[in-house]
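All of the numbers you see were taken from the coordinates with simple rules; none came from a lab. Everything numeric in this text was worked out from a predicted model, so none of it was measured. All Cβ positions, glycine included, derive from the backbone under ideal geometry; neighbour counts span all protein chains shown.
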Amino acid sequence: MISVLFVCLGNICRSPMAEAVFRQMVREAGLEKQIRVDSAGTGGWHEGEPPHRGTREILETRGISHKGIRARQISREDLDRFDIIVAMDNSNLAALRRIADQTSADLYLLTDFIPGTDRTDVPDPYYTGNFEEVYELVEAGCRGLLQRIRKQEGI
């Protein structure tokens, strides 16, 4: 089983959106037994909270479930439990690298999976309010990630 963890700052906007979107893509591809999905934040301010209202609304309008997703802070153990860890921006990636020391997980930015983009960061809608722009980047990045996993794993 391949395990994927999406990481943002507080785990209430971008990473839970990516978790929900990617989980649906995995389900639609019939790969639920081959790919496990979760999300976490580098900070613990919102631990136990559901996704931000803006994230919930954008997912609901697209028929994507966010059921059961609750904010949590990443742990050192996550770096060993997950095969692929996807940060939403360079600040999150730097935080992951600070705690990663010798992890076997592969660390990426979500934008690494968006062909032809010159963007590196998925902006934080907690501050910008632009959940639509974030959704478009998340959807494109998740689609690219799933394609890469399917190709590499032959599934």
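Tell me which GluC sites (Glu not before Pro) from region 48-155 have a DSSP coil assignment and no more than 12 other beta carbons within 10 Å of their own.
When the GluC sites (Glu not before Pro) of region 48-155 are filtered for loop state and at most 12 Cβ neighbours within 10 Å, GLU77 remain.
Normalised by the residues of region 2-153, what does the relative contact order come to in percent, with Cα pairs under 8 Å and at least six apart?
Values: 287 pairs, mean separation 42.0, N = 152.
So the answer I get is 28 percent.
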### Message
I'd like to know which of ILE69, VAL86, THR42 lies farthest towards the positive end of the charge dipole of region 2-153, counting +1 on Cβ of Lys and Arg and -1 on Cβ of Asp and Glu.
### Response
ILE69
## Note on the structure
Residues meeting the amide H criterion for VAL37 (H placed from the backbone, H to H distance under 5 Å, 5 or more places apart or on another chain) are VAL4
### Query
P(r) tail for the chain, what percent of Cα pairs lie past 28 Å?
10
### Message
Cut-off 12 Å, label point 7 angstrom out along Cα-to-Cβ of GLN73: give me the residues of region 1-33 whose amide nitrogen falls inside.
### Response
10
### Query
Nearest 20 debye, what's the magnitude of the dipole of region 70-124 about its Cα centre given +1 on Lys and Arg Cβ and -1 on Asp and Glu Cβ?
220
### Query
About the Cα centre of the chain, what is the dipole size in debye to 20, counting +1 per Lys and Arg Cβ and -1 per Asp and Glu Cβ, all else neutral?
380
